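> First the structure, then my questions, so here it is.
The values are calculated or read from the model by the stated rules, or taken from the named source; none is laboratory data. Predicted model, so just to flag it, every value in this text is computed and none were measured. All Cβ positions, glycine included, derive from the backbone under ideal geometry; neighbour counts span all protein chains shown. Remember, those area values only see protein heavy atoms, side chains included, never the ligands or the DNA or RNA. Shrake-Rupley method; radii C 1.70, N 1.55, O 1.52, S 1.80 Å.
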Amino acid sequence: MKQFHKGKLAWVLILSVAPGVLSADSIKFDFRDSKKVNNVVFLMDAPLESINGTATGVSGTVSFDPARPAATAGKIVLSTSSLHVDNPVMKKHMLDEGWMHVSKFPTIEFVAGKMTEVKTTGTTITGTIDGKLTVKGVTKKVSVPVRLTYLKGMLIKRNRVPGDLLVLRSDFTIKRSDYGINAGNNEEKVSDEIELKLRVAGAAPY
Amino acid sequence: MEAKRRVNAGAWGRGGVFGESETIPDADLLPVGISVFCLCVRLALRLAALVVCCSGLSFWLGGGLHMGWSKSTETRTEIDEVTGLEYPVTASKYVFGAELLGAAFAVSGGLFGLSFAFCKPTRPGNRSGAEMSLI
């Protein structure tokens with residue numbers, strides 16, 4: 001009789017806890033950042049000239065489950081008008097019709113599909129995210145290496161609001177010819193390969 | 001003594017502002033005004049060349065010997081204490097670029113070269129153009 005009660009109690013406990021575990025919702029991190037810490041650095045090393053610039057107009061959301069990092073998905077959006085180089089003439093050319101055509105293509109988007117080759121070390125998760133990158137209206141499938149750092153409860157130190165932080169770092173290269181960015185022209189001054197360094201942190205207040 | 005003489009003034013620094021086969025007063029009878037005018041313009045041009053050259057060089061040195069194009073902003077990198085992320089901080093600051101240094105040198109060289117056009121005309125049988133340009 002006692003054993004029957006113990007077994008029954010165990011089942012009650014399991015059934016009461018299970019839904020919580022099974023539906024352990026992914027945490028939704030918002031990457032909009034008023035402090036402009038979130039940034040993308042772009043580097044172009046051509047034979048005649050090396051150009052580097054930054055962009056800070058990052059937004060978007062990513063769903064992340066610390067227990068199942070492979071299920072990480074979401075979208076990072078970069079405002080094209082936030083692209084910046086220190087030379088004013090170069091910046092004007094870059095944003096103009098011939099290059100990024102900001103008025104027609106105001107955003108650059110990366111949609112994360114699935115994460116593979118996941119390796120977890122403490123709070124750091126490395127892997128490859130397969131997704132779709134849209135630049136200047138051209139969408140291509142890309143696989144980018146990422147390093148995620150889950151900082152539980154650290155949002156209060158940054159924004160004075162209790163919550164979690166998710167730091168995302170990724171370095172990858174694209175070709176401007178693939179996305180129709182003045183393809184085939186001025187390659188001696190502006191290289192075809194664009195090295196991108198994504199450094200963003202998302203916040204998930206409790 | 002003849003009052004006027006044709007001057008061989010083909011090259012810069014010899015004929016000066018007076019074109020080839022232009023008739024000018026004889027050296028001995030050269031009006032003092034023209035000579036002084038040429039001397040003043042020549043000195044002014046050379047002084048301007050020196051000022052442009054030195055200004056360009058000092059601006060470039062003051063801007064930190066920047067080898068790239070001129071910049072209207074300067075971006076430095078800082079680190080976010082909580083996340084450890086490196087992020088750019090852009091401040092308005094004009095940095096003199098190598099192209100402006102080159103332009104300053106070119107203008108300076110041009111002014112210096114132009115100054116040779118304001119040398120005294122050659123005085124055949126008297127002094128050479130090189131000698132005259134040193135005066």
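> Tally up the residues in the range A:50-63 that are open to solvent by 10 Å² or more (accessible area, probe 1.4 Å) and over 15 Å from the mean Cα position of the chain (by Cα), please.
The qualifying residues number 4.
> Name the residues in the range A:60-96 that are assigned to a loop (DSSP other than H, G, I, E, B), over 30 Å from B:Gly68 (Cα atoms) and among the hydrophobic types (A, V, I, L, M, F, W, C), would you?
Matches in the range A:60-96: A:Ala67 only.
> Are there any pairs, at least 6 apart or on different chains, whose C-beta atoms fall under 6 Å, with the first in the range B:57-70 and away from every other protein chain (no Cβ under 14 Å) and the second polar (S, T, N, Q) and surrounded by fewer than 18 Cβ atoms within 10 Å (Cβ to Cβ), and if so, which?
none
> Let me ask something additional. Condition test on A:Thr80, is it within 26 Å of B:Glu78 (Cβ to Cβ), touching a Pro at 6+ places or on another chain (Cβ under 6 Å) and either touching a residue at least 12 places away in the same chain (Cβ under 8 Å) or within 14 Å of another protein chain (Cβ to nearest Cβ) (or both)?
Yes, satisfied.
> Is there any pair linking a residue in the range A:28-40 that is at positive phi to one that is open to solvent by 10 Å² or more (accessible area, probe 1.4 Å), with Cβ under 6 Å and at least six apart or on different chains, and which?
Close Cβ pairs satisfying both conditions: A:Lys36/A:Thr56.
> Kindly list the number of the only condition in (1) open to solvent by 50 Å² or more (accessible area, probe 1.4 Å); (2) at pLDDT below 95 that fails for A:Glu195.
(2)
> Among the residues of the range A:84-96, which ones are open to solvent by less than 60 Å² (accessible area, probe 1.4 Å) and more than 12 Å from chain B (Cβ to nearest Cβ)?
A:Met94, A:Leu95 - these are the residues of the range A:84-96 that are open to solvent by less than 60 Å² (accessible area, probe 1.4 Å) and more than 12 Å from chain B (Cβ to nearest Cβ).
> Follow-up. Of the conditions (1) part of a helix (DSSP H, G or I); (2) at pLDDT 85 or above; (3) small (Gly, Ala, Ser), A:Gly53 satisfies every one except a single condition; which number is it?
So A:Gly53 meets the others, but not (1).
> Where in the range A:97-206 are the strands (runs of 3 or more DSSP E), entirely inside, with at least 2 residues that are within 14 Å of chain B (Cβ to nearest Cβ) and either touching a helix residue (DSSP H, G or I) at 6+ places or on another chain (Cβ under 9 Å) or touching a residue at least 12 places away in the same chain (Cβ under 8 Å) (or both)?
A:138-151, A:163-175, A:193-205
> Further, regarding this structure: When the residues of the range B:71-90 are filtered to those that are in contact with a Phe, Trp or Tyr (Cβ under 8 Å, 6 or more places away or on another chain) and surrounded by fewer than 16 Cβ atoms within 10 Å (Cβ to Cβ), which remaining residue is nearest to the other protein chains (Cβ to nearest Cβ)?
B:Ser72
> When the residues of the range A:64-73 are filtered to those that are touching a Lys or Arg at 6+ places or on another chain (Cβ under 9 Å) and open to solvent by less than 20 Å² (accessible area, probe 1.4 Å), which remaining residue is farthest from the other protein chains (Cβ to nearest Cβ)?
Per the stated criteria, the residue is A:Thr72.
Each row is one residue, and each column tells you yes or no for (1) of a type in the set (Ser, Thr, Tyr); (2) within 31 Å of the chain's Cα centre (by Cα); (3) assigned to a strand (DSSP E or B).
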{"residue": "B:Trp69", "(1), (2), (3)": "no, yes, no"}
{"residue": "B:Arg76", "(1), (2), (3)": "no, no, yes"}
{"residue": "B:Pro88", "(1), (2), (3)": "no, no, yes"}
{"residue": "B:Lys93", "(1), (2), (3)": "no, yes, yes"}
{"residue": "B:Glu99", "(1), (2), (3)": "no, yes, no"}
{"residue": "B:Gly102", "(1), (2), (3)": "no, yes, no"}
{"residue": "B:Gly109", "(1), (2), (3)": "no, yes, no"}
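> Here is a list: A:Arg169, A:Arg160, A:Arg147. Which entry is open to solvent by 70 Å² or more (accessible area, probe 1.4 Å), at pLDDT 95 or above and among the basic types (Lys, Arg)?
Only one candidate passes the filter, namely A:Arg147.
> Hey, another quick one. So, of the residues in the range A:32-49 that are away from chain B (no Cβ under 12 Å) and part of a strand (DSSP E or B), which turns out to be least open to solvent (accessible area, probe 1.4 Å)?
Filtering first and then ranking leaves A:Met44.
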